[in-house]
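No value in this document is a laboratory result; all are computed from the given coordinates. Everything numeric here is computed off the predicted structure, so don't read it as measured data. Using ideal geometry, Cβ is built from the backbone for each residue, glycine included, and neighbour counts are taken over all protein chains shown.
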Amino acid sequence: MKKSIYTPFPSFQKYTPKRTKKYIIKNKMPISHPSTPATAPSDPPPISVAMIKYTPPSSPRRNPPTGPPEPPKQAAARASAAASPYRARHVSVDTVINATQALVGPSPLKGAAIHVIYDVEYADPVFHGDLVAPLQACAGGAGAPRVRTWVVTEANAAEVAAKVKAQIGLHGGVVVLHADMPAQTRAGDRFTGLRSFLDAGKFPRVMGHLPEYCENTLHKSTMHKLFAAAHVPHSESIIVDSIESVTAPETQAFVAQILNSSTPGAAIFLKLDGGFNSAGLTPASIARTPSDFAASATMLLREHNGASVVAQRFLGGREFTVAVVTTPAGPRAFAPVERQFAPGQLYSPPDGTPAESMLNEHAEPKLARACRVVALNAYVAVGGCAWGRVDLRCDGTGKVYVLEVNNTASFAPNSYFAMSVRADGVDRETCLEMVARAALGSGCVGEQ
């Protein structure tokens, strides 16, 4: 699923040091790193971008999709999440405005002591610079309090919260959540480590990726239900969660519906429900016959220890990715980045596409606007807050569909996210200013 960081640059891949994990879990201790800001490359001059109309989902985001009733435990968990003060809220606006128009008044980050919360997959301080450098600039540069980073697990959540709370109590500050929470930091689909940290700290000023947003984007199947509830265009899909379900009647009916359609080149795309960075994708992931589907689904289930597989209608058109940021006036979608496929390449492989380019919005204004609008509505549908990156793909007719929302999109200077915002004349520091003003005001809220 998510959490794509710019795959053609191996230096920005997520890092999971076994030694660090063992230290954290065994000793149940927080890790804190005073981070040194890095120098980012200069941004190109702004370009004029037409404003687009924000189209709220036609049904409330939290309305459950049609289907069997939600199990009592899941319903209780969802109700508890909805009651939390740390949850995403959106402002209803008619127009998504330019960043420079939204930034008025004093910055909530200027002079603040900033504490960034990571998970164990970001435990190496080398990978903190992408976000820490622009945050340090927002705080006031070298003369401001140094941004501190913390690694949170379920075991140390309360202890880290107490230490951060003590420092915030002494000096004042802002907590920035950038924790994707791998398996050892959550219980099932609940980001219990992050929730425990927030519950224990009761922090007055929080911005970033709140638990509900992370939980909603953990699995593709969850996102698909939310897209359907909000009427966001997405490819039809079904979950295959066991070897037995490969030949279940409902699965076979779905396969027949897709493969027997009149659409030229009809095919089914199979991928891991909880995978990201194109995990598990091979040429066999595209099935054009029922027997190919059965073989590919069975192989994925066996190779990944029974992890659920999402089967969906394959979209054979162009692919884009769009950065979305929560601003004080509501979420804003930025310029579409097009992934350029090699001859014969049908999907983004784990090592990335050969090249990327900005969609020419003057030459293809309708397509560009469709990309922005679908990305915006998909982000809202999953409870997007702070920022994210939305993957899109066209079908053979050019209609734009959402693939998925990547919540903790990389803030690296050469990432897809940075390319998207930079094409609209916005730098990373301005993005963080927009998020901070929304979070500490009335956009994506984490206040008590």
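So the values come out like this:
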quantity	calculated
Placed amide H near V174: partners under 5 Å, 5+ positions off or other chain	A113, I114, H115
Rounded if a/c under 1.5, otherwise prolate or oblate - the stretch 307-347, Cα gyration tensor axes	oblate
³J(HN,Hα), Karplus 6.51/-1.76/1.60, whole Hz, each residue of the stretch 307-322, x for Gly, Pro	4, 4, 10, 9, 10, 9, 4, 6, 9, x, x, 6, 10, 9, 9, 10
Cα shape, the stretch 338-406, gyration tensor, a/c 1.5 rule	oblate
Mean separation of Cα contacts under 8 Å (6+ apart) over length of the stretch 308-432, as relative contact order %	31
Cα shape, the stretch 272-405, gyration tensor, a/c 1.5 rule	prolate
Packing-based ranking, highest mean first, of 127-140, 153-166, 208-221, 233-246 given that Cβ atoms within 10 Å are counted	208-221, 127-140, 153-166, 233-246
Protection proxy ranking of 192-204, 415-427, 376-388 - average other beta-carbon atoms within 10 Å, highest first	376-388, 415-427, 192-204
When each of K165/K271; K220/K399; K110/K399 is checked by Cα-Cα distance, pairs over 32 Å	K165/K271; K110/K399
